[in-house]
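The values are calculated or read from the model by the stated rules, or taken from the named source; none is laboratory data. Bear in mind the structure is a predicted one, so any value in this text is a computation, not a measurement. Positions of Cβ are generated from backbone atoms using ideal geometry, with glycine treated the same way; all protein chains shown enter the neighbour counts. For accessibility, only protein heavy atoms count, side chains too; no ligands or nucleic acids. Shrake-Rupley method; radii C 1.70, N 1.55, O 1.52, S 1.80 Å.
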Amino acid sequence: MTVMTPKSGTQDTSPILSVRDLKVHFAIPGKGLFAPDRQLKAVDGVNFDLYPGETLGVVGESGCGKSTLGRAILQLIAPSGGQVAWLGKNIVGSPHREMQPLRRDLQIIFQDPLASLNPRMTIGEIIAEPLVTHKPELGKEEIKARVKRMMARVGLLPQMINRYPHEFSGGQCQRIGIARAMILEPKLIVCDEPVSALDVSIQAQIVNLLQELQREFDLSLIFISHDLSIVRHICHRIMVLYLGNVMELADRDNIYANPRHPYTKALISAVPIPDPEIERNKERIVLTGDLPSPISPPSGCVFRTRCPFAKDKCASEVPKLDRVSDTQEVACHFHDSL
Amino acid sequence: MTTNHILTVENLTTRFQTPDGEVEAVNNVNFHIDPGETLGVVGESGSGKTQIFLSLMGLLAKNGSSSGSVRYKDTEILNLPARELNKIRGVSMSMIFQDPMTSLNPYLKISKQMTEVLVEHRGMSEAEALKRAIAMLDRVGIPGAAQRVHMYPHEFSGGMRQRVMIAMALLCDPEVLIADEPTTALDVTVQAQILDLLRDLQKDFNTATVMITHDLGVVAGLCDRVMVMYGGRVVETGAVRDIYYDSHHPYTEGLLKSMPRIDHANEENLFAIPGQPPNLQNLPTGCAYQERCGYVMERCSKERPPLKAFDQDRASACFREDGQ
């Protein structure tokens, strides 16, 4: 498997997706009857490129805007600003009529496998629905044949085509969700915490399936997760979000071997390692406090209230995303001296 | 038999009556905990790990019933009437749950929820109880405890609510603390804070702790002994190092191998345990793990391998132990 990054081997390939200064702001009613609305900046100026066959991991704690980012890229939430260029063409603000054909290539898999399946539809109908919508010219038999083929591909028995979602376990429901996303052979799938709700023994099955499908269909994946161990396994590049801002964006190997942002360091050191010797002797950076409210984020660097190295400058100036190497960008004033 | 065990569980079986028939959620489980010890209970959803402790705390759902023996020190506590059980649970044995929002009463201030137990069990006055509650909130790292004690649960963040739960569980200096997935609902940075807190508290109070979790990383950092559950039964027990570096049961081995590691770069496929977790309503004859096991033998489908002790404090329920 080749690791595709802007650096290694894909320079002549153009990105499949380019996101520039993407913002999603929600209006929250003000406190008091005549108070003006307040802004919740869920995603506040995110930039990245995604290449064919690449997996970008988006990690961060709950409320950091990672799911909102995934949805804004697919135009399931209207961005408040910025650009999302799909194959070179900006799709922000595209009318429904123009978006519809693009949706064939842009799919999503959700966290809760059962809740994202309609309980009144058979799994055959669920998996066939994108085909019925996007390829109405196909005959019934052809649709059924394709559904069965895809079921077999994702590890479901094709004879279960007439069963209902509740008859399946969590892992199998996630396979149904993957089959539904894959049936149109898309180019990009946003995976929103696809394995978090699953048992440990099932997580590995689903992760392996996603990787196989990626190789087979040259898929690009945006893998949203709070689990940094799984992200390390499946992703080529990783973006660390905190309160809607990118803290660090780097190659997988760089970010784990040499994290530059204090938040990335803390996140990585907080993940428990299933090895008693290593886990008990490792160095840890324990952050104090909780995530601040995104309605009134700290001035300057949004991370400064929990950062063990915060200085005066951090409160007054927003750090820019600095390129520290060809494959690593960090948003910290003091990344050189830490 | 010497009993410096603080908690001794023997032949515990818990059944639920359901419209589809009887389900054995916990089957013939035996273990003990000593003072100051941390026991990790590991298993997937439906493995029975939580039901063991709901049984011994008398918190089973209405359709559930338990048999066997659970002794707190020398007192038999299984199936005691609530009135008797209340002298022990919440006082000598406390439990914290996964979801701190649903286990706190949203209508009552933290102060009310915390002082109640002290007034009830310790006969303290309201003022004394409040003082103790504030001291305990302070101990678990809640800033401004004296003010925040008068707030409602929704005014706290997830991590802070879990701290409140822990403070509440520790109010009466319990000798046994049962933590059921206490950090699963929390973010990793907050999880690290809570695990540190539990570690510190254990040092300070010498509480025997049970850590129910599916996260083998959490167990590796916190526990002295581990009990691995599968299909309602214990399949392997041992000291934490033995379990991680010399696991004997194929399920334990599979679980450890299937965990992606943050400290390893891995280009290949993850090892995945094939198949699905067992359906308790329809367990196969013989070993519950046979359909997913890489070492399965003919014998496994005919008889159930008993939990066999070997070495010191170790046991595994697999025919491979017989060398056959």
- Restricting segment A:169-181 to residues that are within 18 Å of B:Leu270 (Cβ to Cβ) and not β-branched (Val, Ile, Thr), the residue that is surrounded by the fewest Cβ atoms within 10 Å (Cβ to Cβ): A:Gly170
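Okay, residues lined up against (1) more than 14 Å from chain A (Cβ to nearest Cβ); (2) of a type in the set (S, T, N, Q); (3) assigned to a loop (DSSP other than H, G, I, E, B); (4) out of contact with any helix residue (DSSP H, G or I) (no Cβ under 8 Å at 6 or more places or on another chain):
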site: B:Ile142; (1), (2), (3), (4): no, no, yes, no
site: B:Met151; (1), (2), (3), (4): yes, no, yes, no
site: B:Val164; (1), (2), (3), (4): no, no, no, no
site: B:Ala167; (1), (2), (3), (4): yes, no, no, no
site: B:Asp173; (1), (2), (3), (4): yes, no, yes, no
site: B:Val190; (1), (2), (3), (4): no, no, no, no
site: B:Leu197; (1), (2), (3), (4): no, no, no, no
site: B:Leu201; (1), (2), (3), (4): yes, no, no, no
- Note on the structure: Of (1) at pLDDT below 95; (2) touching a Phe, Trp or Tyr at 6+ places or on another chain (Cβ under 7 Å), A:Asp218 satisfies every one except (2)
- Query: Which residues, counting only those in segment B:1-26, are touching a strand residue (DSSP E or B) at 6+ places or on another chain (Cβ under 7 Å), of a type outside the set (A, V, I, L, M, F, W, C) and at pLDDT below 95?
  - Reply: B:His5, B:Glu22, B:Glu24
- Which one of the conditions (1) out of contact with any Leu (no Cβ under 7 Å at 6 or more places or on another chain); (2) under 19 Å from B:Ala208 (Cα atoms) does B:Leu59 fail to meet, given that it meets all the rest? (2)
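Any residue at all in segment B:260-271 that's within 24 Å of B:Met297 (Cβ to Cβ), of a type outside the set (Phe, Trp, Tyr) and out of contact with any Cys (no Cβ under 6 Å at 6 or more places or on another chain)?
Checking segment B:260-271: not a single residue is within 24 Å of B:Met297 (Cβ to Cβ), of a type outside the set (Phe, Trp, Tyr) and out of contact with any Cys (no Cβ under 6 Å at 6 or more places or on another chain).
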- Quick check, is B:Met124 farther than 17 Å from A:Pro272 by Cα, of a type in the set (A, V, I, L, M, F, W, C), away from every other protein chain (no Cβ under 14 Å) and not in a helix (DSSP H, G or I)? yes
- Message: Out of A:Pro294, A:Pro272, A:Pro308, I need the residue that is open to solvent by less than 50 Å² (accessible area, probe 1.4 Å), in a loop (DSSP other than H, G, I, E, B) and without any contact (Cβ under 8 Å) to a residue 60 or more places away in the chain. Which one?
- Response: A:Pro272
- Please specify each residue of segment B:249-282 satisfying the condition of being at the interface with another protein chain (Cβ under 7 Å from one of its Cβ atoms) and hydroxyl-bearing (Ser, Thr, Tyr). B:Ser258
- Just one of A:Lys144, A:Lys148 is charged (D, E, K, R), surrounded by 12 or more Cβ atoms within 10 Å (Cβ to Cβ), free of Cβ contacts under 8 Å to residues at least 40 places away in the same chain and touching a Pro at 6+ places or on another chain (Cβ under 9 Å); which is it? A:Lys148
- Query: How about segment B:111-145: which of its residues are more than 28 Å from B:Arg83 (Cα to Cα), small (Gly, Ala, Ser) and open to solvent by less than 50 Å² (accessible area, probe 1.4 Å)?
  - Reply: B:Gly141, B:Gly144, B:Ala145
- Query: Only one of (1) within 11 Å of chain B (Cβ to nearest Cβ); (2) within 18 Å of the chain's Cα centre (by Cα) fails for A:Arg284. Which number is that?
  - Reply: (2)
- Query: Restricting attention to segment A:151-168, and to residues there that are over 27 Å from A:Leu87 (Cβ atoms), assigned to a loop (DSSP other than H, G, I, E, B) and open to solvent by less than 40 Å² (accessible area, probe 1.4 Å), which single residue is modelled with the lowest pLDDT?
  - Reply: A:Phe168
- Message: Can you report the number of residues in segment A:182-222 which are outside any helix (DSSP H, G or I), in contact with a helix residue (DSSP H, G or I) (Cβ under 6 Å, 6 or more places away or on another chain), open to solvent by less than 10 Å² (accessible area, probe 1.4 Å) and within 14 Å of chain B (Cβ to nearest Cβ)?
- Response: 1
- Six or more apart or on different chains, Cβ under 9 Å: which pairs go from a residue in segment A:112-132 that's open to solvent by 30 Å² or more (accessible area, probe 1.4 Å) to one that's acidic (Asp, Glu)? Could you list them? A:Asp112/A:Glu193; A:Asn118/A:Glu125; A:Asn118/A:Glu129; A:Met121/A:Glu129; A:Val132/A:Glu125
- Message: With the structure loaded, tell me whether A:Asp37 is acidic (Asp, Glu), surrounded by fewer than 20 Cβ atoms within 10 Å (Cβ to Cβ) and closer than 25 Å to A:Leu219 by Cβ or whether it fails that test.
- Response: no
- Spans of strands (runs of 3 or more DSSP E) in segment B:215-324 with at least 3 residues in contact with a helix residue (DSSP H, G or I) (Cβ under 6 Å, 6 or more places away or on another chain), hydrophobic (A, V, I, L, M, F, W, C) and open to solvent by less than 60 Å² (accessible area, probe 1.4 Å): B:225-230
- Message: I'd like the full set of residues that are in contact (Cβ under 8 Å) with a residue 40 or more places away in the chain and open to solvent by 20 Å² or more (accessible area, probe 1.4 Å), limited to segment B:193-203.
- Response: B:Gln202
- Task: Being open to solvent by less than 10 Å² (accessible area, probe 1.4 Å) and within 21 Å of B:Gly221 (Cα to Cα) is the filter; apply it to segment B:21-43 and report the residue that is farthest from the other protein chains (Cβ to nearest Cβ).
- Result: B:Ile33
- Total residues in segment B:11-20, condition open to solvent by 60 Å² or more (accessible area, probe 1.4 Å) and either touching a residue at least 40 places away in the same chain (Cβ under 8 Å) or under 24 Å from B:Val235 (Cβ atoms) (or both): 4
- Message: For segment A:241-256, give me the residue count where each residue is of a type in the set (Asp, Glu) and in contact with a helix residue (DSSP H, G or I) (Cβ under 7 Å, 6 or more places away or on another chain).
- Response: 1
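Determine, yes or no, whether A:Gly300 is away from every other protein chain (no Cβ under 11 Å), surrounded by 23 or more Cβ atoms within 10 Å (Cβ to Cβ) and more than 30 Å from B:Ser258 (Cβ to Cβ). Give the steps one after another, and end with the answer.
Values: away from every other protein chain (no Cβ under 11 Å): yes; surrounded by 23 or more Cβ atoms within 10 Å (Cβ to Cβ): no; more than 30 Å from B:Ser258 (Cβ to Cβ): yes.
Against the criterion (away from every other protein chain (no Cβ under 11 Å), surrounded by 23 or more Cβ atoms within 10 Å (Cβ to Cβ) and more than 30 Å from B:Ser258 (Cβ to Cβ)), A:Gly300 does not qualify.
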- Message: Being within 14 Å of chain B (Cβ to nearest Cβ), part of a helix (DSSP H, G or I) and either touching a helix residue (DSSP H, G or I) at 6+ places or on another chain (Cβ under 6 Å) or surrounded by fewer than 19 Cβ atoms within 10 Å (Cβ to Cβ) (or both): is that true of A:Ile238 here?
- Response: no
